[in-house]
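The values are calculated or read from the model by the stated rules, or taken from the named source; none is laboratory data. Values in this document were obtained by computation on a predicted structure and should not be read as measured data. Cβ: placed from backbone, ideal geometry, glycine included. Neighbour counts: every protein chain shown. Ligands, DNA and RNA are stripped out before the accessible areas are found, and what is left, the full protein with its side chains, is counted by its heavy atoms. Shrake-Rupley method; radii C 1.70, N 1.55, O 1.52, S 1.80 Å.
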Amino acid sequence: MTKNIILCGVGGQGTVLASRLISTCAMKKGWQVMSAETIGMAQRGGSVFSHLRLSDPAQPEADRPAGPMIAPGIADLILGFEPGETVRMLPYLKQGGQVVVSSRAVQPVTATLAGSSYRAVDMIDFLKAHVSSLVVVDADRALAEVGSAKVLNLILLGAAAEENALGFSYEELRDAIREKIHPRFHELNFKALSWYGQSLQ
Amino acid sequence: MHQEFLMGNEAIAMGAIAAGVNLVCGYPGTPSTEVLETVAKHRGPDCYVEWSVNEKVAMEIAGGAAYAGARALVTMKQMGLNVASDPLMCLSYIGVKGGLVVLVADDPGPISSQTEQDSRTFAAFAKVPVFDPSGAQEAYEMIQDAFEFSEKYQTPVFLRPTTRVSHGYASISVKDPEEYTIHTPEGFVKDSSRWVIFPRLSTINHKKIEERNAQLRHVLSDYDKNCILRDQPDAARSQNQPDEASAPQPRRGLAAGGFNFTYALESLRALKSRPEAPLLKVATPFPFPEDLALQFLEDLDEVLCIEELDPVIERELTYLCGKYHLKTRILGKLSGHMPLSGENNLAAVQKAIADFLEVALPAAEALELPSLPVRPPVLCAGCPHRASFYAVKQAMKGEKTIYCGDIGCYTLGNAMPLDMVDTCLCMGAGLGIAQAIHHLEKDTFCFAFVGDSTFFASAIPSVVNAVYNQAEMTLIVLDNSTTAMTGHQPHPGTGRTMMGEVVAAVSIEQVLKGIGLTCVKTVDPLDHALAVETVKDTARQPGVKAIIFKSPCIAITRPSGRVMVDAAACIGCRKCIRELGCPALLFENGKALIDTAQCTGCGLCSQNCPVQAIQPEGGSGND
């Protein structure tokens, strides 16, 4: 099988690292990974995405992805770092696909300038109306409780793992963190990873 | 061999190392930058690597290395190829001894470039072969092929990935270090009949190049990465399809190259077309694999070409149909079947192929999206460029001015509310434009803004020109001590090299003084009052004068702290938001609010608050 995952958000939110952690988990299982992401000018507060395609090498060549880009209507999971950006990517979700989304809007400077901020709740409502399997993560609460503004990526990965949307266990994700992230940040990242599961208890 | 998860650019770098590359140089430019950085990280002790001051110098260094029999790689983006074109065109005629690969990354879209030029077309113009990889694995293998090819035919060779190849990641098979080629250069051997270009030599070599390239159209037809894919997918899949071939259908095929090959293949698989349309994969768009293409065209009535930027494959196939009197219709950009500009995407290619093959697209529910926030890129919170632009804007209020911008993060100074970029053309061009306006409009204060890396890359001759030709202009050097937009590469002003040495930094101030400027001031733009006074004073001096706004990029320094809004003191005038456009400034419940996750404590907003409502966190008063 091939698992198609889209991560989306705003430049600087940590989508690339989250994408790298998922890739690491998949590689450890002997899966083939392809990914594509936004790098460069768009980093500066622009919309960013990662396309991730994980495929079992046991399947026939013709069923494996030819390239890293995901076609509309075939993504199994959207990991949304920002409500508006998640709606933007929704056409990529397959029928019955899962969405894990942060509730916290990032206002573009242009909106602040014009005094016309958009409302996250409208985006979340749209997602509720169109996604059968939706998990909304209260990011403001999560970031406050974990005590860092920079771990949204791990909080979302944890939520996806808890909801069985990712196909990787907490332990596999912790291994990936150990491999890819400086030891100084391990405890903080483990805490962020487990926040969602603990918040349900 | 072992598996590694690599970015396309990293794969190219590891391929170059596996091919025994001896020297790598280049100039940063999206999407090419990571190639050289990866070589620097993984190179062996015998491989020299540098960021050169610009692409022309880099091309000359790589050319010189190849003269000495070394394997050399020079990296740049497509815009950089323009800068390097002078030595490139001559190198094409002179030829090389060691392999010389020019890594030139194209940017369909464009996503971060001024033009959508196609380096495949440039290769044909320069008469050098070009390899066009479709993904990371192929790029890894192709650069090794390219070195062999360059040496065998004694010509520079292009490797031309596009953004999605350069920045896509894949798990690929790479060689173990024991499998690497060790290339020992012979050294430079004097032979002025070979290495000194004179008109007579050019005439002789021009003929040889044309003959060689004609020959390569046959040779490259046997290159395994140029190929025709036919009917290979499994039969079970086809049997599920209703047989619609009752009426004789035109025989149709697809042709694609580079990353677009993956779009075409993926689309064919998704559409489950039957009979499977043959797919011509063009890995060397110049010289074009003529024999292979002819074999492909032979049994087809119609061909759709899937490519970005120029219709290179479409023109070649059309030419072949004329040359061999074939009735095959060639469709693509020129025929109106594919978009003339911009980046392709899977959905659009899939639809174009479905229409062409007259097969149904997989049913998809059309989703009406609500209106979504627009997010143009902006200067980061705390970016010193914002302070520099704002200081000039405040100082020159009410005066007739022109603000000539340049290429880099500071191009973003054009956005509202700063609106401080009147022109932007190409690297270094702002200085020329400012001089021109001075010669035509004597009452205009002419400003040229240039970054520190851009200053070294392409501004210095223009400063000399301005001084010599008696222009009046103010040069603003935005010195943030790095090449920021492309991801923080060192440059001559930083005093660090890619070999890891700490060296004497070249001083921008001393360079300007050496050229003859008598008024050169260095100011911290985050000291707003001083910055404004300096601009007011400097702009009114005669001749060419310069201000160096020196403050490091926020991405390479630790934030100095944060500011916060005293909600009781804030009168909700929105001046901070209206004038600065900092992404860390928000407005809620009638008051300004600082996004603590973004604020770096630069203090520009607190210096400009009319009621001193913005103060450093945990302190009182400015600074």
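Observations
- Take the accessible area of A alone and of B alone, subtract that of the pair with a 1.4 Å probe, and the total buried over both chains is about 4300 Å².
- Inter-label distance, nm, simple model (7 Å from Cα along the C-beta direction), residue B:363/residue B:419: 5.2
- Accessible-area composition of chain A, carbon plus sulfur, in percent [1.4 Å probe]: 50
- Taking a ≥ b ≥ c as the square roots of the eigenvalues of the alpha-carbon gyration tensor, region B:384-556 is classed prolate because a/c is 1.5 or more and a/b outweighs b/c.
- As a calculated quantity, the FRET efficiency between residue B:536 and residue A:62 at R0 = 51 Å, using C-beta atoms, amounts to about 0.15.
- Available extension along the chain between residue B:519 and residue B:186 is 114.8 nm, counting 0.36 nm per residue and deducting the alpha carbon span.
- Given B:77/B:207; B:77/B:351; B:400/B:545; A:29/B:225; B:56/B:400, the pairs whose alpha carbons are separated by over 28 Å: B:77/B:207; B:77/B:351; A:29/B:225; B:56/B:400
- In chain B, the sites counted are GluC sites (Glu not before Pro) in DSSP loop states with at most 12 other Cβ atoms within 10 Å, and the longest stretch holding none of them, exclusive of the sites, is B:1-185.
- Counting only aspartates and glutamates at least 8 places from residue B:591 when in the same chain, those with an alpha carbon closer than 15 Å to its own are B:566.
- Cβ-Cβ FRET estimate between residue A:141 and residue B:207, R0 fixed at 56 Å, reported to 0.05: 0.15
- Within the shell of other residues whose beta carbon sits under 11 angstrom from the beta carbon of residue B:157, the net charge comes to -1, with Lys and Arg scored +1 and Asp and Glu -1.
- The residue among B:512, B:448, B:542 whose Cα reaches farthest toward the positive pole of the charge dipole of region B:384-556, with charges on the beta-carbon of Lys, Arg, Asp and Glu, is B:542.
- Size of electric dipole in region B:448-604: Cβ of Lys, Arg +1 and of Asp, Glu -1, about Cα centre, debye, nearest 20: 160
- Computed E for residue B:465/residue B:503 - FRET, C-beta separation, R0 45 angstrom, nearest 0.05: 0.95
- Length available on full extension from residue B:588 to residue B:341: 0.36 nm per residue minus the Cα-Cα distance, which gives 84.8 nm.
- Residues in region B:202-232 that a label on residue B:323 would reach, taking backbone N under 16 Å of a point 7 Å out along Cα→Cβ: B:210-223
- Residues of chain B were split at every exposed loop site, defined as trypsin sites (Lys or Arg not before Pro) in a DSSP loop with at most 11 other C-beta atoms within 10 angstrom, and the longest piece left, sites excluded, is B:1-189.
- Measuring how big chain A is from its alpha-carbon positions, Rg and Dmax come out at 16.3, 54 Å.
- Computed about its Cα centre, the charge dipole of the protein assembly as shown is approximately 1240 debye, with only Lys, Arg, Asp and Glu carrying charge at their Cβ.
- Counted residue by residue at 0.36 nm each, then reduced by the alpha carbon distance between them, the extension gain from residue B:291 to residue B:510 reaches 72.9 nm.
- This model, with +1 at the C-beta of Lys and Arg and -1 at the C-beta of Asp and Glu, gives region B:2-197 a dipole about its Cα centre of some 480 debye.
- Global form of region B:563-616, assessed from the alpha-carbon gyration tensor, a/c cut-off 1.5: rounded
- Since only B:90, B:171, B:354 are under comparison, the one whose Cα sits farthest along the positive direction of the charge dipole of the protein assembly as shown, derived from C-beta charges on Lys, Arg, Asp and Glu, is B:90.
- Value of relative contact order over region B:384-556, rounded to a whole percent, pairs C-alpha under 8 Å and six or more apart: 25
- Taking a straight line from the alpha carbon of residue B:327, these aspartates and glutamates sit under 16 Å away, with near neighbours fewer than eight places off in the same chain left out: B:298, B:299, B:301, B:302, B:314, B:316.
- Cα gyration tensor shape for the protein assembly as shown, rounded if a/c is under 1.5, else prolate or oblate: oblate
- Contact order relative to length of region A:2-200, as percent, for alpha carbon pairs under 8 angstrom and 6 or more apart: 21
- Trypsin sites (Lys or Arg not before Pro) restricted to DSSP loop in region A:46-132 with at most 13 other C-beta within 10 Å: A:119
- With the charge dipole of the protein assembly as shown set up from +1 on Lys and Arg Cβ and -1 on Asp and Glu Cβ about the Cα centre, the Cα lying farthest toward the positive end among the listed residues B:226, B:604, B:33 is that of B:604.
- Region B:563-616, relative contact order in percent, only Cα pairs under 8 angstrom and at least six apart counted: 48
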